Each structure stands twice: as structure tokens, then as C-alpha cells.
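Report on the following structure.
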Amino acid sequence: MTDQAHPCVVVVGAGRMGQGIALAFLSAGMDVTLADVKETDEDRAPYRRAAEREVLDRLAARPSPVSGRAPRLTVCGRAAAGERLAGADVVFEAVPEVLEVKRSVLSWVGAVASGSAVIASTTSTFLVTELAAPVGDGSRVVNAHWLNPADLMPLVEVSRGERTDPGAVSRLTGLLRRIGKVPVVCGPAPGYIVPRLQVLVMNEAARMVEEGVASAADIDRAVRAGFGPRFSVLGPLEFIDWGGGDTLYYASRYLAAALGERFRAPAVIEENMRSRRRGPQDGTGFYDYTPEDLPAYRASRMREFEELLHLRADGLRADAPFPERPAAPPEHG
């Protein structure tokens, strides 16, 4: 175990995700061990050297950490990883998204790692409740879903189970904040937050191509120039308040009648209408609003819009490049 100022971080799995996580810590000036634990008859040394070179080359292209100290990357195999795990404060499991593989590796990590280490799977599919059992002590197991590219995307979704110790969640989120990440905490629900939202959006976009509503290029351009920037400033629940919950209520009723039950609003939207919790106009919605603070709040969000769209100006031009030939929708007999 190390002191809090220099936690011992071990990433188990040296593929693209593992490399990205290692780079995130190195970029923040922290040492990290990247363990390649794939078991095979082939010599893995060339792969490990290539992984180390890839991470260090990308690190060299970035500004040095503010501390001025050169962080240390250790790349090793399963045998050498055991010693590192024994002194680990936090372990990130980043092996392939195969349940049996993850359970096998987590069982090994649970047996070898320090008893006080937080063990975080980076799965984008499985629930923490499905992965905690092989570790034995489920109180220290969480899911930490990093978005690709892990070193660049700020968000990390931390999913805790019923047995997860709140202290383990606090230690992990605190460490993530130290390296500049934005952790959010959710329960063990399929799809977490982002995948659950984006699956709906992606399927609806594909459905519009299938129905001939618009071309793939125009749908993507609409998202990049409107939907995307807007929701990067105002999250979807804040946006409901911003436009008024009544707007979503009536729009949902119309679209559900025209396009199907998938557009029906959840009960909370109807309840907000009944209890007059429509947003700033009522002083409350998903958030609470103080009348005297509203002008400053709105001005702040508008500045964020202006700054974001100024940065994205070139990429949002009407002639911004897209693939020359968007694929034709599949034919249905």
C-alpha cells in the first residue's frame, strides 16, 4: 500500500481500454502499472513492448504534468503483476468483454490484490452484481465504465452494487477527480446512464434512415450542429426544465399517437405537470430555481453555448466533410 499522495494504481488488461486508462493516470503525473494477463503459448513480450511504446509515445506528445515529475509506467505480465497487485490501492480490470474471462481474472485479482484495494471492472455490459462474486469481498467491487477514448473523455460512470461499501465508491471517485475525470454514480442498472441513453438515440436515428425520413448525412449533421451541442451544455433533464416540462408533455403525447408507444412520456413527466413542476416558470422542476438567480443562470448557460459553438464553428459548417457516399438503407421485401 502507498500513501494517499501517491496511490498504487494497477490496470489489468493491456488492450486499447487498458492503455487509455494508464495514459489518463500518467497524464496526471501518477505512476501506473499496466498488466498484460492474457494466457497463451505465444511470446507476449513483443506485444507488451508495443503497448508500452504506444502509451509513452502518446504521453510524450502532451504537456508535462504540472508537478514536473516524470510519471513511471510499468508494463508486465501476469507473474510480475502479482507483486504489484499485493500493494495496490485501486485495480482496474480491463480485459475483453467476455463474462467468463472477466470472472476468471477478477477471481485471480481478488485472491492476489491487497485486501483493502478497490477493484473496479471497466465493463460496458455487465452489472457489478454479476462480477462481484468471484472476488469474494463484494464490498470493494464497483464498475467503472470509461468512455472511449478513455484518456480523453472526461466521464467515468461508477456503478455500485447493494454490497458495495460507500467508502470504496468515495475513494474511487476521489481518485478519478484527482486525474481530471468527471465521475457520476449510478446503481446496478442495465446500460448505466450513457449507454442506455445513446442506444435509444442511435436506434431512432437508424429507424429514420430506414423509413426514409432523412439521409444518414443529414441526420448526423442535425445531431452535430443541434442536438449534440445543445445537450453538452444542458443535460436532458435540465433541458426539460429550460424549455418547460409542459413542452415535453404535449410533444410526447403527439409523437406517441403518431409514431408509437416508445414516445410516451414516463409518469414523472405527467406528475410534474399535475403538481406544477414545469421548470423555471414554476420555480421548480427536476431542479429548483430562485427567481432572483434566474437571469444570471440563463446568462451563464448562454455564454457556454457561445463558447462551445465558437470552438466548433469549423466542424459545424454546412460543407464540413462527410463520407462521400452514405450507405443506402437496406431493402426490405
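Observations
- Rounded to the nearest 10 degrees, the inclination of helix 16-27 to the longest alpha-carbon principal axis of the chain is 80 degrees.
- Degrees, to the nearest 10: 294-311 long Cα axis against longest axis of the chain: 70 degrees
- Dmax and Rg, reported as Rg then Dmax, of region 128-197 (C-alpha, Å): 11.9, 33
- Using a cutoff of 8 angstrom between alpha carbon atoms and counting only pairs six or more residues apart, the relative contact order for the chain works out to 11 percent.
- Placing unit charges on the Cβ atoms of the charged side chains and taking the dipole of the chain about its Cα centre, the candidate lying farthest along the positive direction among PRO63, GLY260, VAL118 is PRO63.
- Between GLU83, GLU54, GLU261, the Gaussian network model of the chain with springs among Cα atoms under 10 angstrom shows the greatest mean-square fluctuation at GLU261.
- Antiparallel content of DSSP bridges confined to region 9-186, in %, to 5: 15 percent
- Mean ellipticity per residue at 222 nm, deg cm²/dmol - from DSSP H runs of n ≥ 4 across the chain, formula -39500 (n - 2.57): -13500 deg cm²/dmol
- Considering only alpha-carbon pairs that sit under 8 angstrom and 6 or more positions apart, the relative contact order computed for region 9-186 is 21 percent.
- Compactness ratio for the chain: Cα radius of gyration over 2.2 N^0.38 Å (N = residue count) comes to 1.16.
- Treating r as the C-beta distance of LEU237 and LEU152 and R0 as 30 Å, the FRET efficiency rounds to 0.75.
- Expressed as a whole percent, the proportion of Cα-Cα pairs in region 173-326 lying more than 22 Å apart is 58%.
- Phi angles of region 96-102 translate, via the Karplus equation with coefficients 6.51, -1.76, 1.60 and θ = phi - 60°, into HN-Hα couplings of x, 7, 10, 4, 5, 5, 5 Hz per residue; Gly and Pro are given as x.
- Summing +1 for each Lys or Arg and -1 for each Asp or Glu among the other residues whose beta-carbon sits under 15 angstrom from that of GLN19 gives +2.
- About its Cα centre, the dipole of the chain is roughly 460 debye, where the only charges are +1 on Lys and Arg Cβ and -1 on Asp and Glu Cβ.
- For the chain, the share of DSSP beta bridges that are antiparallel, to the nearest 5, is 20%.
- Charge dipole magnitude, Cβ of K and R +1, D and E -1 - region 194-316, Cα centre, debye nearest 20: 200 debye
Each reported figure results from applying straightforward, stated rules to the coordinates on display, with no laboratory input. The structure displayed is predicted, hence computed values, not measured ones. Heads up, the Cβs are rebuilt from the backbone with ideal geometry, glycines too, and the neighbour counts pull from every protein chain shown.
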